[in-house]
Amino acid sequence: MTKRIVLIGHPVAHSLSGAMQQAAFDHLGIDARYELWDRAPIELADAITELRGDEFLGANITIPHKERVVPMMDRLTDDAHVTGAVNTLTSEGMKLVGHNTDVPGFKVALDQLVGRQKMPRQAVVLGAGGGARAVVYGLIREGFQRVIVFNRHLHRAEGMVKHFARSAAHMELRAMPWHESIIESELAKTKVLVNATSIGLVAGESPIPAEILPADLLVLDLIYARTRLLADAAAAGCAVADGETMLLNQGAAAFTLWTGQPAPLEVMQAALQEARSRGLRSAEGEPAEPAEPAGQAAEPAAGDAGDAGVDAASDAASEPAAG
Ligand code: NDP
């Protein structure tokens, strides 16, 4: 019987996960089909019930359901429990287990961005959604001592900080209001900037103005595209990376959970890049309007620094993923 794995989100039509996972199943000769289920929040519970059938190996969960699905699970792994977000489901008989493979995916992306440097201890995170939860938890686990979260709706950032109160008891984890001057002053004190908002999906849009980006920051944008933020940051002299490594590695971890086999990372990465070259660019259940056609910079940056920026973004994104 062909096994089924589904991605549940709203919308999902433009997700890259299908291309990446199907290529991995086909490569290893596993008789499985990855399906995209577009389900509105009101349909989520029924979709989860349907997954209890024999033919399902598991599922991925994406925007906007990662937090909503948590109480529908029979069991949560530690990463899912602590983050309060689930992006992968597996079946144990009739029981459903919720995992969060964004956490290990983020770790690989952070390690790759930091490279041989000493792991920094201060970070600024933009955003407070499901992706930001994996980021903040990853930073806490990595031993960061000061993490400042900015979000458009401050109460959501405050809720997330409260959620992590126990895990972050030994360090400073704070939510701050989204004012440019406050972000600027925090960026001056930090080493790592992570964009976990969806600002940047639309070409030319950036969560923060280029002028407030100091040089020498390490900048990770979870969006799977060469965003305006990354171009600006690279032009300012920062090291940058987009969401590819995290996407690839969260997918690889999910693949292993479903199949018990090591994921064919190179095959998955090639499938991602092929899908990207066809114009698909959504790492998650993102809006269909493309920010950027594949392989193009968000906006031509001026001068040499701009060119270097685009290259830096591209290099960081195309390095082979580890782990
Ligand atoms: P959520 O919907 O849970 O959160 C979206 C976040 O973006 C919130 O912080 C929201 O702020 C903010 N936001 C959205 N629109 C605006 C706006 N116009 N102005 C200011 N803030 C805005 O999504 P996720 O956390 O799951 O995903 C966020 C991004 O990260 C997406 O682009 C997604 O693709 C990417 N991602 C990538 C992954 C990867 O593997 N590379 C993994 C996970 C996520 P507010 O709360 O105020 O609405």
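A few remarks follow.
- Residues that are within 29 Å of Ala13 (Cβ to Cβ), open to solvent by less than 10 Å² (accessible area, probe 1.4 Å) and away from the ligand (no atom under 16 Å from the Cβ) occur in the range 94-108; there is at least one.
- Filter result (touching a residue at least 60 places away in the same chain (Cβ under 8 Å), acidic (Asp, Glu) and assigned to a helix (DSSP H, G or I)) within the range 210-269: Asp232, Glu244
- Residues being surrounded by fewer than 14 Cβ atoms within 10 Å (Cβ to Cβ), within 16 Å of the ligand (Cβ to nearest atom) and in contact (Cβ under 8 Å) with a residue 24 or more places away in the chain - total across the range 140-155: 1
- Condition met for Val125 (within 28 Å of Ser17 (Cα to Cα), within 13 Å of the ligand (Cβ to nearest atom) and part of a strand (DSSP E or B)): yes
- Some residue of the range 56-66 being surrounded by fewer than 21 Cβ atoms within 10 Å (Cβ to Cβ) and among the charged types (D, E, K, R): no
Okay, residues lined up against (1) within 16 Å of the ligand (Cβ to nearest atom); (2) more than 21 Å from the chain's Cα centre (by Cα):
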position: Ala157; (1), (2): yes, no
position: Phe164; (1), (2): yes, no
position: Ser181; (1), (2): no, yes
position: Ala188; (1), (2): no, yes
position: Lys191; (1), (2): no, no
position: Ile199; (1), (2): yes, no
position: Asp221; (1), (2): yes, no
position: Tyr224; (1), (2): yes, no
position: Asp242; (1), (2): yes, no
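- Residue that is farthest from the ligand (Cβ to nearest atom), among those in the range 168-179 that are closer than 26 Å to Gly143 by Cα and not small (Gly, Ala, Ser): His170
- Meets criteria (crowded, with 16+ Cβ neighbours inside 10 Å, at pLDDT 95 or above and within 26 Å of Ile199 (Cα to Cα)) for Gln273: no
- Arg39 fulfils the conditions (1) without any contact (Cβ under 8 Å) to a residue 60 or more places away in the chain; (2) within 16 Å of the ligand (Cβ to nearest atom); (3) closer than 19 Å to Gly131 by Cβ except for a single criterion, (3).
The values are calculated or read from the model by the stated rules, or taken from the named source; none is laboratory data. Everything numeric here is computed off the predicted structure, so don't read it as measured data. Cβ atoms come from the backbone with ideal geometry, glycine included; neighbour counts cover every protein chain shown. Accessible surface areas use protein heavy atoms only, side chains included; no ligands, DNA or RNA. Shrake-Rupley method; radii C 1.70, N 1.55, O 1.52, S 1.80 Å.
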